Amino acid sequence: MIELGVNIDHVATLRQARRGQRPDIIAAAKVCELAGAHQLTVHLRKDRRHIQDRDVFALKDTLLVRMNLEMAADPEIIDIARTIAPHTVCLVPEKREEITTEGGLDVAGQLDKLSEVVDAMHEKNVRVSMFIDPEPRQVEASAKIGADAVELHTGAYANAIGPEADTELNRLWDCAELIAETDMVLHAGHGLTIQNLLPAARLPFLEEVNIGHDIIARALFIGLENAVKEILDVLRYVEYTLDA
Ligand code: PXP
């Protein structure tokens, strides 16, 4: 079955609106775990707009499932990641003024710098995933520097309307097939929702999706446990109908 990483950044967004203790990020993580999430994902941004340093340390201490830390290739954050040693780090580009991660990482344009980050993480037995746009040259560059996984940016697919969505899906599909020829595994994420997940979850060789905003938004209406479970139901449906 494709595994689900639940991104709980926006639980922290709500907490930071009052700079208090609630909603409790660890409580949210535990609900996701009990609902069946395979992994918890958080993005420790340089501007600390949602997740704080204390959150990543507390999550590392309390999670029973895998921890995936999204981060920029920034020296301060790299030090924190090496100290915590989560299961995986997902390297993302980061701009202070963006609302959320906008594009994929330009791995091809920063081979030396990112290769050092991969090595620094591997020294601590941390797997490295590259969050990239569905472009063959970025897949090839990620393989070249020894990444363990590629997370294909599904934002363009998620935002596309009508036939454009098929075009974006085809781009993802072509890259998925290319990734299968490497030693890397395939993840996908960004902008995925209960409505648009199914076609994306049928990407060949897909092993993991990371979903945040839609799960936390749905949680307001149906509860966090149910919001996680309905996504897991879609992933299970994909598993059962694999050859259909
Ligand atoms: N994957 C990566 C690499 C991301 O940066 C994000 C957003 O933090 C997500 C997945 C989750 O995106 P969304 O919140 O749109 O589900």
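The values are calculated or read from the model by the stated rules, or taken from the named source; none is laboratory data. Bear in mind that the values here come from a model prediction, so they are computed numbers and not experimental data. In this analysis, Cβ positions are derived from the backbone assuming ideal geometry, glycine residues included, and neighbour counts consider all displayed protein chains.
Among the residues making up the range 199-213, those that are touching an Asp or Glu at 6+ places or on another chain (Cβ under 9 Å) and more than 15 Å from the ligand (Cβ to nearest atom) are 199, 204, 205.
When 232, 178, 198 are checked against the criterion of being under 19 Å from residue 159 (Cβ atoms), touching a residue at least 40 places away in the same chain (Cβ under 8 Å) and surrounded by fewer than 22 Cβ atoms within 10 Å (Cβ to Cβ), a single residue qualifies: 198.
For the range 93-105, indicate whether the set of residues that are in contact with a Ser or Thr (Cβ under 6 Å, 6 or more places away or on another chain) and either under 23 Å from residue 227 (Cα atoms) or aliphatic (A, V, I, L, M) (or both) is non-empty.
Initially, the range 93-105 is screened for residues in contact with a Ser or Thr (Cβ under 6 Å, 6 or more places away or on another chain), giving none.
No, the range 93-105 contains no residue that is in contact with a Ser or Thr (Cβ under 6 Å, 6 or more places away or on another chain) and either under 23 Å from residue 227 (Cα atoms) or aliphatic (A, V, I, L, M) (or both).
Is it the case that the range 5-16 has a residue that's among the hydrophobic types (A, V, I, L, M, F, W, C), more than 16 Å from the ligand (Cβ to nearest atom), in contact with a helix residue (DSSP H, G or I) (Cβ under 9 Å, 6 or more places away or on another chain) and outside any strand (DSSP E or B)? Talk me through it step by step, then tell me what you get.
Pass one, the range 5-16, residues among the hydrophobic types (A, V, I, L, M, F, W, C): 6, 8, 11-12, 14.
Cutting the leftovers down to more than 16 Å from the ligand (Cβ to nearest atom) gives us none.
The answer is no, given that none of the residues of the range 5-16 is among the hydrophobic types (A, V, I, L, M, F, W, C), more than 16 Å from the ligand (Cβ to nearest atom), in contact with a helix residue (DSSP H, G or I) (Cβ under 9 Å, 6 or more places away or on another chain) and outside any strand (DSSP E or B).
Inside the range 152-175, residues that are touching a residue at least 24 places away in the same chain (Cβ under 8 Å) and of a type in the set (S, T, N, Q) make up a count of 2.
In the set (1) of a type outside the set (S, T, N, Q); (2) within 15 Å of the ligand (Cβ to nearest atom); (3) surrounded by 15 or more Cβ atoms within 10 Å (Cβ to Cβ), the condition left unmet by residue 220 is number (3). Residues that are of a type in the set (A, V, I, L, M, F, W, C), surrounded by fewer than 16 Cβ atoms within 10 Å (Cβ to Cβ) and modelled with pLDDT of 95 or more within the range 81-120 comprise 85, 111, listed in sequence order.
Residue-wise test of (1) closer than 16 Å to residue 184 by Cβ; (2) over 20 Å from the mean Cα position of the chain (by Cα).
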position	(1), (2)
82	no, no
98	no, no
110	no, yes
113	no, yes
122	yes, no
133	yes, no
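Would you please name the residue that is farthest from residue 106 (Cα to Cα), looking only at residues in the range 177-198 that are within 16 Å of the ligand (Cβ to nearest atom) and not in a loop (DSSP other than H, G, I, E, B)?
Of the residues in the range 177-198, the ones within 16 Å of the ligand (Cβ to nearest atom) are 179, 184-198.
With the extra rule that they be not in a loop (DSSP other than H, G, I, E, B), the set shrinks to 179, 185-189, 197-198.
On the way: 179: 17, 185: 19, 186: 17, 187: 17, 188: 17, 189: 17, 197: 25, 198: 28 Å.
In this case the residue turns out to be 198.
Among the residues of the range 201-216, write down those that are farther than 23 Å from residue 174 by Cα, in contact (Cβ under 8 Å) with a residue 60 or more places away in the chain and not in a loop (DSSP other than H, G, I, E, B).
So in the range 201-216, the residues farther than 23 Å from residue 174 by Cα come out as 212-216.
Keeping just the survivors that are in contact (Cβ under 8 Å) with a residue 60 or more places away in the chain gives 212-213, 215-216.
Answer for the range 201-216, where residues must be farther than 23 Å from residue 174 by Cα, in contact (Cβ under 8 Å) with a residue 60 or more places away in the chain and not in a loop (DSSP other than H, G, I, E, B): 213, 215, 216.
Report whether or not residue 127 is more than 16 Å from the ligand (Cβ to nearest atom) and either under 16 Å from residue 73 (Cα atoms) or charged (D, E, K, R) (or both). No.
What residue, of 56, 65, is surrounded by fewer than 20 Cβ atoms within 10 Å (Cβ to Cβ), under 23 Å from residue 209 (Cβ atoms) and free of Cβ contacts under 8 Å to residues at least 60 places away in the same chain? Can you show your working first?
Working: 56 fails: surrounded by fewer than 20 Cβ atoms within 10 Å (Cβ to Cβ).
Exactly one residue qualifies, and that residue is 65.
The set of residues in the range 24-47 that are away from the ligand (no atom under 15 Å from the Cβ), assigned to a loop (DSSP other than H, G, I, E, B) and either crowded, with 16+ Cβ neighbours inside 10 Å or small (Gly, Ala, Ser) (or both) contains only 36.
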